[in-house]
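No lab work stands behind these numbers, since they all come straight from the coordinates. Predicted model only: the values in this text are computed from it and were never measured. In this analysis, Cβ positions are derived from the backbone assuming ideal geometry, glycine residues included, and neighbour counts consider all displayed protein chains.
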Amino acid sequence: MDIAALVQELQKKAPAAGVELTPTGVVIRRDDVPLVFGLLKGEFSFESLQCLTAVDRKGTIEVVYHVYSFTHRLMAVLKVVLAMDDLNVASVNGLWSSANWFEREVYDLFGVKFTGHPDLRRILNPEGWTEHPLRKDFKGAGVVLKPVK
Amino acid sequence: MVTEELIVNMGPQHPSTHGVLYLELKLDGEIIVECRPNIGYLHRSIEKIAENRTLVQFVPFTDRLDYLASMNDNLGFCLAAEKLLQIEAPARAQYLRVIVAELNRIASHLLAISTFAQDLGAYATPLFFAMRDRQKVVQIFDELCGQRLTYNYIRIGGVAGDMTPEIARMIGEFVLYFRKMVNDYDELLTHNIIFKVRSKGIGIISKEFALDYAVTGPSLRASGFKWDVRKDEPYLVYDKFDFDVPVGANGDAWDRYYVRIQEMRESLRIIEQAMGAIPEGDPVAKVNKVFRPSGEVYMRTESPRGDLGFYIVGTGETFPYRLKIRAPSFSNIAALAPLIKGLNVSDAVCALGSLDIVMGEIDR
Amino acid sequence: MKPFLMEIIWLVLKGIMALTFVAVSAMFLIWFERKVSARVQNRMGPMITGFHGALQSVADTVKLLLKENIVPTGADFVVWWLAPFFVAVPAIMVFVCMPFGPNAIVCDLNVGILFMCSVTSVSVLGIFMAGWGSSNKYSLLGGMRSAAQIISYEVPLLLSVLVVVMQAGTLSMQGIVHAQETGWFFLKPNLLLAFIIYIIAATAEVNRVPFDIPEAESELVAGYHTEYSGMKFAMFFVAEYTNFFIIAAIASTLFLGGWLGPVAPSPVWFLLKAYGIIFILMWVRWTLPRLRMDQMMSFAWKALTPLALLNVLVTGWLLVIKG
């Protein structure tokens, strides 16, 4: 199975969910996260969530999931785009336990709230801190270099 | 009689937390009722730094991730960057990369098994044996790139320096020497009765548990699941070599230890084959001075601790837009809390030691 | 009046000699341990201070004497302060009936071995006091482990000593040595078994690998003496190595014929045997990993104690048969 076939299968199984294939990954709607990931885990035997991170696209935040199927030897990259003023997305901790710490890290560094997460605390930065350092608007105390033109 | 649960703060400064890991343990007598691992004491915001450096400038930072296997981190990052920039390293560089990565794997596994033995109370002796053998690897790296720990040797498009005949002789000697020395560890630890009763059946990671928690590397293979990126998604020239992927049977601490011992033997085989087949040529490709990465890439390699992934997002600037390091130790340590629940403190130390974590990579 | 005064002076002198021996022996053992461990681990050990680092222990002693004595906040001060004495004093008291030679003994009590065993068992109190008084959880765990361990291993230890007493027919240390003039005890099979049980139990008694559970560095940092520094720590340290010497010395007296031996003067033989045992135990220490608490306890109660009891029974039969 390759990624295009997977997307077709997904669209067949869940026609309501907006599953869309882009060159850099499969984009899904935020509200379909439990449905699509449930299908991936249950129907398509994606056994393992290898990586979960986010990218600040200035105005929106993309949450990026790398799920891997050892059965199909296939890495699926899924993306959920969140608006800056509503950073909530359903947690996938119930499907893959590895999501627990990955989601905590994304919460810590980007401020994305994973609803349904059992223990959403900061993980790398001190508790009680209010900022989210991997956002592009974060003004740290350090020296910020300018890109070479 | 009134009994109370005892809360013990294990770490951040503790002899067997392998760095600055902090475990909040709730104990009933000596049985762990609850464990809350806290990390972040070594957080140096390397991912944020990456957004303010060019890809070439970032290579030395990867040395500081997994400081016991810097070559593998260099390699993981450079392969990801090369995949993004569509650069291919020359054949000689590919072989050199394999050789240094496998040498570094041996050095890293040596430390892993000896600190594990130290956690089980074998005072310092296995550690000194391992340090003696690791020193030989480190000396080879010192000759090769002038550094003992933070190499910055593997660069985008190749490697920093070519192998001289002197270094080739040193590597050849090391392979012959270490092939005999691995047996010493078998004698000292593997079949020692106390070592066995302490580590057999402790901290069992089943196949399902490992996949659920995305545990990778020797800890995954110890559960009997045959998965090695070098074999299953070959990068560099690994597909040209003949080597086995050792697996364990029960997934307990002893299996994790023994998988590492066997992996060192396999690494020796790879090094020997690579030394025999290394082609002549330039060790570095002719590449641009300035890179403007665009697009996305996720590349994973097999570091001594598991699947090391680099996720790079570029937008055409000289700086990468976002760089995420998927560190194997991070996922492995996340599995610690359910793993040691219900064990006593001695066994928890054993389970933690057998996971082989490096805090520099977890906290980034 | 006069002979009585002489007696007193002579006793005091003997006492001072024993005390000096304790201090020097502990210092020597610390150096010796460092050298042995260095050999085991392919390194040199201390080499700078004196010939092959011979003065290293002197330097360490000076350092420990000059170090600040830190009292942890929240410590139970009296208990905390008294603990090192409870550990160190019994260790020194044992030397009262340590037979270095036919005449080289402070006082040959007729209940010598009983006195030694009972006095050494006081030190567990000190260890538990240290664990409790420090108000440190690691120390508390170490103290608890230590109390459990020492009390369980006391049983096989005393049972194996009992075999010797039955064979020799006396409790006096000199009497036991004299009983071996016809042949060292460990040559008899039942006493060889007692010797092995004694060595294992004694290793546990002095908290050494593979039974160093109370001080398990990788689990409990340093166990019951985590919170001690300076001279207070030095007292634990000296007591540890003195106890180590004591178990080896008792083993050599009970099983290896004590000071008996040809040609060389008797104290030389005594020390040679004691240090021989010490060397073997050090070798073991630097090679083996540590057992777990429950494994060690079940070993004591399920293996060593029944074996030692059986040994007592068999020895009794043998003695009755021989009449």
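Taking 7 Å steps out from each Cα toward its Cβ at residue B:132 and residue B:3 produces label points 4.6 nm apart. Simple spin-label estimate for residue C:317 and residue B:38 gives 6.2 nm between the two label positions (7 Å along the Cα-to-Cβ direction from each Cα). Report the far tail of the P(r) of region A:3-115, meaning the percent of Cα-Cα pairs longer than 18 Å. Counting pairs separated by more than 18 Å, the tail of P(r) holds 45 percent. Over chain C, DSSP H runs of length four or greater, each weighted -39,500 (n - 2.57), average out per residue to a 222 nm ellipticity of -22500 deg cm²/dmol. Result for chain B in a Gaussian network model with C-alpha springs under 10 Å: among B:95, B:177, B:151, the largest mean-square fluctuation is at B:177.
Taking θ as phi - 60° and the Karplus parameters 6.51, -1.76 and 1.60, the scalar couplings of region B:266-282 work out to 5, 4, 4, 4, 4, 4, 4, 5, 5, 5, x, 9, 5, x, 6, x, 7 Hz in sequence order, x denoting glycine and proline.
Can you give the translational diffusion coefficient of the protein assembly as shown in µm²/s, computed by Stokes-Einstein from the Kirkwood radius over Cα pairs at 10 °C and 1.306 mPa s?
Result for D is 53 µm²/s.
Using R0 = 51 Å, the C-beta based FRET efficiency linking residue C:9 and residue B:184 works out to 0.30. Angle of helix B:345-355 to the longest C-alpha principal axis of chain B, folded into 0 to 90 degrees and rounded to 10: 20°.
With viscosity set to 1.306 mPa s at 10 °C, what whole-number translational diffusion coefficient in µm²/s follows for chain C from Stokes-Einstein and a Kirkwood radius over Cα pairs?
On the way: Rh = 20.6 Å.
Estimated diffusion coefficient is 77 µm²/s.
Summed over qualifying helices (DSSP H, 4 residues or more, each -39500 (n - 2.57)) and divided by its residue number, chain A shows a 222 nm mean residue ellipticity of -6500 deg cm²/dmol.
Which longest run of chain C has no exposed loop site in it, a site being trypsin sites (Lys or Arg not before Pro) in a DSSP loop with at most 15 other beta carbons within 10 Å, and the site itself not part of the run? Provide the component values of the computation, followed by the final result.
Values: sites that count: C:43, C:67.
My reading of the result: C:68-323 is the longest stretch.
Could you check the spin-label model distance between residue B:173 and residue C:196? Points 7 Å from the Cα along Cα→Cβ, value in nm. The two pseudo-label positions are separated by 4.5 nm.
Which of B:7, B:99 comes first, and how do the rest follow, when ranked by fewest Cβ neighbours within 10 Å? Don't skip to the answer; put the middle values down first.
On the way: B:7 13, B:99 26.
Placing the least packed residue first, the sequence is B:7, B:99.
Summarising the amide proton neighbourhood of residue B:30: residues at separation of 5 or more, or on other chains, whose placed amide H is nearer than 5 Å comprise an empty set. Within the listed set C:120, C:182, C:170, the residue fluctuating most in the Gaussian network model of chain C (springs between alpha-carbon atoms under 10 angstrom) is C:182. Look at A:98, B:331, C:229 and count the other Cβ atoms within 10 Å of each Cβ; fewest to most, that gives C:229, A:98, B:331. Residues C:141, C:281, C:162, C:19, arranged from fewest to most other Cβ atoms within 10 angstrom of their Cβ, appear as C:19, C:162, C:281, C:141.
For every other residue with a beta carbon closer than 14 angstrom to the beta carbon of residue C:91, add +1 if it is Lys or Arg and -1 if Asp or Glu, then tell me the sum.
On the way: positive: none; negative: C:205, C:240.
After counting each charged neighbour, the total is -2.
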